[in-house]
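Chemist: Handing you this structure, nothing more for now.
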Amino acid sequence: MLLDERQRAMLGEMGLRLHAPLSHRVEQAEQAPAGAQRRPAAVPAPLAQVQVQEPARTAPAALAPAAGGIELMEWEALAQTVAACRACGLCHGRRNTVFGSGDRQPDWLIVGEAPGENEDLQGEPFVGQAGLLLDNMLKALGLNRRQKVYIANVLKCRPPGNRNPEADEVAQCEPFLRRQVELLQPRIILAMGRFAVQALLQSGEPIGKLRGQVHRYNGVPVVVTYHPAYLLRNLPEKAKAWADLCLAQEVLQQVPSRS
């Protein structure tokens, strides 16, 4: 398409650049002086190599020695020490520590294993589906988690992916639980799950062999039962768990009331 100068100027104002027609370029080439060497087409200079700098990786804060003097701490100091604890690798992935919750003058101390995802988010034990089942179990006994009941875990931080607690992690957290028992002075402890049983009774026996008996932890009677998360996967075992709760209630009736 041939355009006159006025049309070219209008298109230029619109930001459109037009190349000369091929015939016009050929004509210009033919008019070049004889013997003149054509300039080679300009080769764009190679682009400078751009080095992409990766964002600096922040190394996780170093672990710290286990806190000393736990056996002498009062409640608030103990809670603050747990919140600041960096004695094992679980501190790297946690959102919140899960110290425990409930009545600080309880008849019942319920000890679970470790926080899960919901507990890690909210900083409170047994708040997921397992927590709903625990609430129903307590309700069947005429109890709730705020009155005469305190709930804690052996571990105060969530293991990644809800994996099982490791021995060194339990060893680091056990002094916190021991001091909680000393300060709470519960009348009975209900140990829920294999790792709670192992931490409290120092026994590797399966729960099935430890059920139906009254054990002791620092002088406090302990009844063993299955963890609510296990019961959700194995519904027929709920009857056994109910029998364990009834046993615990019978034992409690024989324990002197608080003065």
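The values are calculated or read from the model by the stated rules, or taken from the named source; none is laboratory data. Keep in mind the model is a prediction, meaning the values are calculated, not measured. For neighbour counting, all protein chains shown are included, and Cβ atoms are generated from backbone atoms with ideal geometry for every residue, glycine included. Areas reflect the complete protein model, heavy atoms only, side chains present, ligands, DNA and RNA absent. Shrake-Rupley method; radii C 1.70, N 1.55, O 1.52, S 1.80 Å.
Chemist: Through the Karplus equation 6.51 cos²θ - 1.76 cosθ + 1.60, θ set to phi - 60°, convert the phi angles of the stretch 137-150 into ³J(HN,Hα) values in whole Hz; use x for Gly and Pro.
Modeler: Values, residue by residue: 5, 5, 4, 5, 9, x, 10, 8, 6, 9, 10, 6, 9, 10 Hz.
Chemist: So, one more: Using the Cβ atoms and a cut-off under 9 Å, what net charge is assigned to the surroundings of Gly131, where Lys and Arg are +1 and Asp and Glu are -1?
Modeler: Values: positive: Arg145; negative: Glu119, Glu124, Asp135.
For residues surrounding Gly131, the net value is -2.
Chemist: Sticking with this structure for a sec: Hey, if we sort Arg258, Arg211, Arg233 by accessible area with the 1.4 Å probe, largest down, what's the order? Working shown, then result.
Modeler: Details: Arg258 90, Arg211 55, Arg233 170 Å².
Greatest to least solvent exposure: Arg233, Arg258, Arg211.
Chemist: Could you look at the stretch 146-259 and say what percent of its accessible area is carbon and sulfur, using a 1.4 Å probe and all protein chains?
Modeler: Values: 2670 of 5490 Å².
For the stretch 146-259, the apolar C and S fraction of the accessible surface comes to 49 percent.
Chemist: Quick one: if you take sqrt(5λ) for each eigenvalue of the C-alpha gyration tensor of the stretch 91-221, what semi-axes come out, biggest first, whole angstrom? Walk me through the numbers on the way to the answer.
Modeler: Details: eigenvalues 84, 67, 42 Å².
After scaling each eigenvalue by five and taking roots: 21, 18, 14 Å.
Chemist: Just for the Cα atoms in the stretch 130-185, what are the lengths along the principal axes, largest first, rounded to whole Å?
Modeler: For the stretch 130-185, the Cα extents along the three principal axes come out at 37, 30, 12 Å.
Chemist: Next question. I'd like the Kirkwood hydrodynamic radius of the stretch 170-259, using the inverse of the mean 1/r over distinct C-alpha pairs, in Å.
Modeler: Working: mean 1/r = 0.0728 Å⁻¹.
Hydrodynamic radius (Kirkwood, Cα only) of the stretch 170-259 equals 13.7 Å.
Chemist: Sort 66-73, 81-88 for me by packing, meaning the mean count of neighbouring Cβ atoms within 10 Å per residue, highest on top. Display every interim value, and only then the final one.
Modeler: Details: 66-73: 13.6, 81-88: 17.4.
Ranking the peptides 66-73, 81-88 by packing returns 81-88, 66-73.
Chemist: Report the net charge of residues surrounding Gln105, where surrounding means a beta-carbon distance below 15 angstrom and charges are Lys +1, Arg +1, Asp -1, Glu -1.
Modeler: Working: positive: Arg104, Arg145, Arg146, Lys148, Arg187, Arg258; negative: Glu74, Asp103, Asp107, Glu182.
Here the charged neighbours net out to +2.
Chemist: Rounded to the nearest whole Å², what accessible area per residue is found for the stretch 140-212 with the 1.4 Å probe?
Modeler: Working: 3070 Å² over 73 residues.
Using a 1.4 Å probe on heavy atoms only, each residue of the stretch 140-212 averages 42 Å².
Chemist: Ranked from the most accessible area to the least, with a 1.4 Å probe and all protein chains present, what is the order of Trp242, Trp108, Trp75? Please list the in-between numbers first.
Modeler: Working: Trp242 110, Trp108 5, Trp75 30 Å².
The ranking, largest first, comes out as Trp242, Trp75, Trp108.
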